[in-house]
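Report on the following structure.
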Amino acid sequence: MMSVKVSGAIALALVMPVLISGCSESSAQDVQTINLRVGASHPTTLPWVGSIPNNFIPEVDRRVAELETPYQINWQEAYGGQLYRANASLTSVSQGIVDMGWVFSTMEASRQPLTQVSVYAPAVTDDPAVMMEVFNELNRSVPALKAEWESNNLVFLGASASDPFQLFTVTPVEEVGDLDGKRISAAGVLSSWLRGTGAIGVQGALPDFYTQVQTGITNGALVLPSGGFSIKINEVAPHLTKVNLGSMYFGGLAANKDSFERLPEEIQEILLDVGALYSQSIAEDVMAIYEQGMMNMESDPKVTVNAWSVDQRMAWVHNMPNLAKEWVEDNEARGLPAGEVLRAYMNAMRERGIEPLRDWDKEIN
């Protein structure tokens with residue numbers, strides 16, 4: 001079986017539809033070849049992208065080889081923004097630029113508003129494996145969430161989620177009151193997690209954070225450690241405070257619905273089944289990076305690591321306004337069942353023994 005890495009020189013080939021064809025007449029048994037284009041806006045160094053070529057594709061190939069009907073998948077792969085950028089991850093899959101790809105749902109609030117639920121209900125779990133298990137279930141069992149994929153001509157395959165968010169600052173943060181008046185770099189809606197702390201959220205993307213802190217625009221960053229380690233944010237913000245504001249679900253691997261429905265049923269079943277394994281492999285890789293990075297920080301004499309107690313974390317989370325309630329009210333005013341989605345999310349966590357730092361759903365009508 002052949003995996004073809006696609007470069008810009010052959011990018012135009014990716015416009016062709018999914019093709020199922022027979023092999024040469026000299027074959028002892030006809031093998032049906034299925035051409036599938038898969039891509040991502042981000043590089044394979046990120047676990048949720050790297051897991052596609054490293055885990056998802058090999059496992060799909062292994063299972064396909066065990067089928068009675070002889071199929072072979074010819075994968076055409078294009079990662080790292082070769083075909084599209086982060087702001088087009090959903091539309092590029094839905095429009096068939098690729099047959100399958102990683103969708104950055106956090107960037108798609110207008111098209112997938114209910115999918116944002118974990119962003120507005122932080123500090124529920126620090127375990128990305130649990131987060132992905134929950135959303136692999138909810139995206140198939142909650143009609144409104146399932147519809148956000150299907151209405152965009154997508155078939156959801158497997159969730160992706162992050163390591164828990166932590167705080168890197170120039171000066172120590174011993175308690176939530178120490179954030180008062182501080183300017184903190186945060187991406188997008190994550191700045192809302194600073195509401196109630198007295199801190200001022202400053203918008204930026206991860207690549208901006210180092211310069212923002214270095215130049216004094218901000219006093220630190222609220223960031224995924226796996227991302228923070230990659231940009232060496234600790235060089236300019238050497239105080240790492242483990243506030244553990246939780247893992248975040250931010251999208252997943254999806255197939256173009258038209259392409260998916262043209263596939264044989266046994267191939268469809270394999271893609272759906274391996275989607276869950278895709279999530280498991282992400283969890284392993286994300287936490288391996290996180291734990292190794294934390295070990296490096298703790299052994300670095302230039303870095304101070306301070307782990308907050310549960311009470312300190314509770315003080316931060318309960319000082320926030322009820323972000324989930326605001327989110328529910330905004331979406332229900334538009335006719336969307338956000339309350340139902342929030343309750344399903346929180347209950348799915350509790351069923352797995354997770355005790356959220358705040359019962360966001362119990363504070364809404």
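The values are calculated or read from the model by the stated rules, or taken from the named source; none is laboratory data. Bear in mind the structure is a predicted one, so any value in this text is a computation, not a measurement. So basically every Cβ, Gly included, is an ideal-geometry build from the backbone, and we count neighbours across all protein chains shown. These area figures cover heavy atoms from the full protein model, side chains too; ligands, DNA and RNA do not enter into them. Shrake-Rupley method; radii C 1.70, N 1.55, O 1.52, S 1.80 Å.
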**Request:** Select the helices (runs of 4 or more DSSP H) contained entirely in region 213-320, then report the ones holding at least 3 residues which are modelled with pLDDT of 95 or more and out of contact with any Leu (no Cβ under 9 Å at 6 or more places or on another chain).
**Result:** 257-262, 265-299, 310-319
**Message:** What's the total number of residues in region 143-158 that are surrounded by 21 or more Cβ atoms within 10 Å (Cβ to Cβ), out of contact with any Gly (no Cβ under 9 Å at 6 or more places or on another chain) and closer than 22 Å to Arg352 by Cα?
**Reply:** 1
**Request:** Would you be able to say whether some residue in region 283-294 is open to solvent by 10 Å² or more (accessible area, probe 1.4 Å) and of a type in the set (Phe, Trp, Tyr)?
**Result:** yes
**Request:** Look at Ala28 and say whether it is in a helix (DSSP H, G or I) and either in contact with a Ser or Thr (Cβ under 6 Å, 6 or more places away or on another chain) or modelled with pLDDT under 95 (or both).
**Result:** no
**Message:** Any residue that is touching a Phe, Trp or Tyr at 6+ places or on another chain (Cβ under 8 Å) and of a type in the set (Asp, Glu) - is there at least one of those in region 254-264?
**Reply:** no
**Request:** Would you check which residues across region 188-200 are of a type in the set (A, V, I, L, M, F, W, C) and open to solvent by 40 Å² or more (accessible area, probe 1.4 Å) and list them?
**Result:** Val189, Ile200
**Asked** For Asp178, are the conditions met, namely being open to solvent by 10 Å² or more (accessible area, probe 1.4 Å), closer than 22 Å to Phe209 by Cβ and assigned to a helix (DSSP H, G or I)?
**Response** yes
**Message:** Looking for something at negative phi, at pLDDT below 95 and not in a loop (DSSP other than H, G, I, E, B) - is there at least one such residue anywhere in region 350-364?
**Reply:** yes
**Prompt:** For region 201-212, what are the residues that are surrounded by fewer than 16 Cβ atoms within 10 Å (Cβ to Cβ), at pLDDT below 95 and in a helix (DSSP H, G or I)?
**Reply:** Pro207
**Asked** Counting just the residues of region 325-335 that are buried (at least 17 other Cβ atoms within 10 Å of the Cβ) and of a type outside the set (Val, Ile, Thr), which one comes out nearest to the chain's Cα centre (by Cα)?
**Response** Trp327
**Asked** Limited to region 233-247, what total is found for residues that are surrounded by fewer than 23 Cβ atoms within 10 Å (Cβ to Cβ) and within 21 Å of the chain's Cα centre (by Cα)?
**Response** 3
**Prompt:** Out of (1) open to solvent by 10 Å² or more (accessible area, probe 1.4 Å); (2) within 23 Å of Asp285 (Cα to Cα), what's the single condition that is false for Ser110?
**Reply:** (2)
**Complete:** Picked from region 56-81 (must be free of Cβ contacts under 8 Å to residues at least 40 places away in the same chain and in a helix (DSSP H, G or I)), the residue farthest from Val31 (Cα to Cα) is Pro58
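For (1) outside any strand (DSSP E or B); (2) modelled with pLDDT under 95; (3) in contact with a Gly (Cβ under 7 Å, 6 or more places away or on another chain); (4) open to solvent by less than 20 Å² (accessible area, probe 1.4 Å), each residue gets a yes or a no:
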residue: Asn35; (1), (2), (3), (4): no, no, no, no
residue: Asn54; (1), (2), (3), (4): yes, no, no, no
residue: Leu83; (1), (2), (3), (4): yes, no, yes, no
residue: Leu90; (1), (2), (3), (4): yes, no, no, yes
residue: Ser118; (1), (2), (3), (4): yes, no, no, yes
residue: Val124; (1), (2), (3), (4): yes, no, yes, yes
residue: Val130; (1), (2), (3), (4): yes, no, no, no
**Residue list for region 58-78, filter: closer than 30 Å to Pro225 by Cβ and either open to solvent by 20 Å² or more (accessible area, probe 1.4 Å) or in contact with an Asp or Glu (Cβ under 8 Å, 6 or more places away or on another chain) (or both)** = Pro58, Glu59
**Prompt:** Do any residues in region 296-323 that are closer than 30 Å to Val117 by Cα have Cβ atoms under 9 Å from those of residues that are modelled with pLDDT under 95 and aliphatic (A, V, I, L, M), where the two are at least six apart or on different chains, and which pairs are they?
**Reply:** Asn322/Ile364; Leu323/Val189
